[in-house]
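Below is one structure, written out as structure tokens, with a few remarks after it.
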Amino acid sequence: MGPTRDVLKHPAKPESGYRPPTVLPEDRHNRELVSNVHPPGWINPEPAPRYNLVVIGAGTAGLVAAAGSAGLGARVALVERHLLGGDCLNYGCVPSKCVIRSSRALGDLKEASQLGFRVPAGVEVDFPAVMERMRRLRARISHNDSVERFRGLGVDVFLGEARFSGPGEAEVGGKTLRFKRAVIATGARAAQPDVPGLAEAGFLTNETVFSLTERPRRLAIVGGGPIGSELSQAFRRLGSEVILFHNASHILNREDVDAAEIVQRAFLREGIRLVFNARIRRVERAAEGKVIHFEHPGGEDRATVVEILACAGRAPNVERLDLEAAGVAYDPRMGVGVDDHLRTSNPRIFAAGDICMDHKFTHAADAAARIVIQNALFHGRKRLSSLVMPWCTYTDPEIAHVGTTERDAEARGVPVTTFTRPFSELDRAIADGEEEGLVKIHVKKGTDRILGATLVARHAGEMINEITLAMVSGVGLGTLGGVIHSYPTQAEAIKQLGDAYNRTRLTPFVQKLFRGWLAWTR
Ligand SMILES: Cc1cc2nc3c(=O)[nH]c(=O)nc-3n(C[C@H](O)[C@H](O)[C@H](O)COP(=O)(O)OP(=O)(O)OC[C@H]3O[C@@H](n4cnc5c(N)ncnc54)[C@H](O)[C@@H]3O)c2cc1C
């Protein structure tokens, strides 16, 4: 296995033989990161007699819950066993988007001849420099999530692994934290694929892949969801040979097929080998590398690679929390059970983020933590189901979505009308050489109420926000048609769909009335 994550089992007490976590490679950037988000030598404070809120886990959900509650005057304890910032800062969004940025530049260079200039063949990728850039930027961003910052906000920060010792108390490093309310925000980790020989051969996960300093010449990625797809394209562009195994018939199978296929075509053009409906039988280590034996509709086959990256789902971090002691119901595969108010089976304990939610995104964890603050501390009745949740997969082109899909709407018996604008008809996309994209907006049939949208575009993640805003504020598609958009922009496609909707209101009867009026006033 590659470099491993150093999980703390004990609180940060220098005298107890405790070892601060390391993030590999141990260069100055990673030392800066660790000194911010798990400072060596940190001594936990003496607990207050009772906290308004004890927050377990300092990823996005935990940090937002802690900062928000403390800002409102609550007495808050925040417990983290590894690195503040959780997956997003350390092993997720931040490092992946830094690496994707470099890989995009390489993608552009490869397309350069179509933009009218020649780039010498064989542009050299400096993989160590790409990864160093990522580590430098991650360290810089880590100041936002630092122990020091949270202490400054008035939060009692405890470094160590928390477990419940009763329905109203948790323990960390031999100290008892009594609470009126608690929130479980312990997140999730990469699920280990159940493949014989894989553990023995060794594999990477999102917790170790960003520690690489050498490009794997041949890389197998297991799982074609958002994380697997993003990293497949990034590593391919950085020069690895990539084979992507997916257990369905197209990548990103949460998305509409036509949208996912646009991304899939880009993958094939770039030389990613895609194996659909794949079943990995076993992995073995051989002199030439790791040999993956697999089945797919074409028969049995094998592939030899240098590294295997597991991106096949997420497993909730429920172990060693002693949830039973607190009376919190959970499922080892699905995580902590919550109601629509994010309350667990113990009415004093809430949960937020990847530990309990289907939408495993940073912005979802953030939004859930805000609900918890209101519901836990102020008897609020905020509901998770009331959130309008966009998401984006940062492939090139990006694929972003909000609200319902045609498929979901049909399944729920909601009649929809879909307006689609392919980018081959959009001036700015043509000028940019980015014609493989689309905007699709679904409205409730007979109205302009937006129920959902899917976008495939280079910056779909930016464009989706306009549609989310419209949905949240009840602005209909017809109104978007009247919003002036700068020309030429790709977001203009949204306005054009608004115009398309407004044209549907020009019924033969209305047209006849107009014609009559115009004839009369001629
Ligand atoms: C490669 C990758 C890329 C991603 N990219 C994006 C993206 O671009 N956009 C996006 O929105 N989302 C992205 N995500 C998802 C996003 O990172 C997660 O949804 C988000 O981090 C969830 O936050 P969280 O607070 O629920 O959990 P986490 O971030 O997992 O935090 C949980 C914390 O709890 C701690 N903990 C666990 N058990 C205990 C315990 N017993 N005691 C004390 N502490 C404990 C853990 O150490 C961890 O720090 C990505 C994820 C990955 C893996």
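No lab work stands behind these numbers, since they all come straight from the coordinates. Not measured: the values here are computed from a predicted model. We place every Cβ from the backbone using ideal geometry, glycine too, and count neighbours over all the protein chains shown.
Annotations for the structure displayed:
- Pairs of Cα atoms in the chain fall into 10 Å distance bins, from 0 up to the last occupied one, in shares of 4, 17, 24, 25, 18, 8, 3, 1, 0, 0 percent.
- Both radii were evaluated on the Cα set of the stretch 453-496; the Rg over Rh quotient, with Rh as the Kirkwood radius, amounts to 0.93.
- At q = 0.14, 0.15, 0.16, 0.33 Å⁻¹, base-10 log of I(q)/I(0) for the stretch 317-362 (Debye sum, equal scatterers on each alpha carbon): -0.29, -0.33, -0.37, -1.37
- Here the stretch 190-232 has an Rg and Dmax of 10.8, 28 Å, counting Cα atoms alone.
- Rg over Rh, two decimals, the stretch 370-489 (C-alpha only, Kirkwood Rh): 1.04
- Seen from a random direction on average, the alpha-carbon convex hull of the stretch 48-102 projects onto 4.2 square nanometres.
- Cα centroid separation - the stretch 292-333 against the stretch 28-92, whole Å: 27 Å
- A straight Cα-to-Cα reach below 12 Å connects Lys290 with the aspartates and glutamates Glu200, Glu307, residues fewer than 8 places away in its own chain not being considered.
- With Rh defined as the Kirkwood radius, the inverse of the mean 1/r over Cα pairs, the Rg/Rh of the stretch 19-74 is 1.06.
- Equivalent-ellipsoid semi-axes of the stretch 228-288, from the Cα gyration tensor, Å, largest first: 22, 16, 8
- Listed by chain and number, the lysines whose alpha-carbon sits under 20 Å from that of Lys440, ignoring those within fewer than 8 places in the same chain, are Lys495.
- Near Phe158, the amide H atoms lying under 5 Å from its own belong to Leu78, Val79, Glu80; only residues 5 or more places off or on other chains count, and H is placed 1.01 Å from N.
- According to the calculation over all Cα-Cα pairs in the stretch 116-233, the P(r) per 5 Å bin from zero is 2, 7, 11, 13, 14, 13, 13, 12, 8, 4, 2, 1, 1, 0 %.
- Per the Debye calculation on the stretch 34-148 with a single equal scatterer at every Cα and no solvent contribution, log₁₀ I(q)/I(0) for q = 0.16, 0.18 Å⁻¹ amounts to -0.80, -0.93.
- Expressed as a whole percent, the proportion of Cα-Cα pairs in the stretch 217-367 lying more than 20 Å apart is 58%.
- For the stretch 147-209, GluC sites (Glu not before Pro) meeting the loop criterion (DSSP other than H, G, I, E, B) and having at most 15 other Cβ atoms within 10 Å: none.
- Counting DSSP beta bridges with both ends in the chain, the antiparallel % (nearest 5): 65 percent
- Listed pairs Lys97/Lys175; Lys382/Lys444; Lys445/Lys512 exceeding 30 Å between Cα atoms: Lys97/Lys175
- Our helix-only sum for the chain, with -39,500 (n - 2.57) per DSSP H run of n ≥ 4 divided by its residues, gives a mean residue ellipticity at 222 nm of -9500 deg cm²/dmol.
- For the stretch 180-250 versus the stretch 428-478, the gap between their alpha-carbon centres in whole angstrom: 30 Å
- With N as its number of residues, the stretch 140-182 has a Cα radius of gyration that, divided by 2.2 N^0.38 Å, comes to 1.38.
- Vicinal HN-Hα couplings computed from phi for the stretch 56-64 (Karplus, 6.51 cos²θ - 1.76 cosθ + 1.60; Hz; Gly/Pro x): 9, x, 10, x, 4, 4, x, 5, 5
- Hull shadow area, averaged, the stretch 458-522 [alpha-carbon convex hull, nm²]: 6.1 nm²
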